[in-house]
């Protein structure tokens, strides 16, 4: 079972690393946006319009790549969860079939189910981090334009 624990620790370290990198990218994006909006005309001092467009494009690409990396990581967590659930079913079948180590198989099935739940939770956290809640259409208009029905 040490391999499962090692894999779980590695997954947790990778998740922390991804979370840290996502936060760094958000911070850098905020810094670049602040710079962009500072100065005259919403353009950083010394930057040409072409440089600003290029920086915006690079920021957009970086954001897309970060979202894709998080999506892939979430997908891998879901694959891992499915594998743990399959292993849990196999251990349950072995325990139910009269195996001399039925208790051990039930214990391992429980471990796999807990690991699957952890993986699904990690996938959900990554998905939530890369898909902020959608704004309602009503939020896009000034309040005076809305009347209760």
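The values are calculated or read from the model by the stated rules, or taken from the named source; none is laboratory data. Being a predicted model, the structure only gives us computed values, none of them experimental. Note: ideal-geometry Cβ built from the backbone for every residue, glycine included; neighbour counts use all protein chains shown.
Couple of notes before you dig in:
- Which listed residue, of 116, 70, 74, 81, is under 17 Å from the mean Cα position of the chain (by Cα), part of a helix (DSSP H, G or I), crowded, with 18+ Cβ neighbours inside 10 Å and in contact (Cβ under 8 Å) with a residue 60 or more places away in the chain: 70
- Selection within the range 122-149 - exposed (fewer than 13 other Cβ atoms within 10 Å of the Cβ) and either within 30 Å of residue 15 (Cα to Cα) or at pLDDT 95 or above (or both): 128, 131, 132, 133, 134, 135
- For the range 84-100, the set of residues classified as in contact with a helix residue (DSSP H, G or I) (Cβ under 7 Å, 6 or more places away or on another chain) and in a helix (DSSP H, G or I) consists of 84, 85, 87, 88, 91, 92, 94, 95, listed by residue number.
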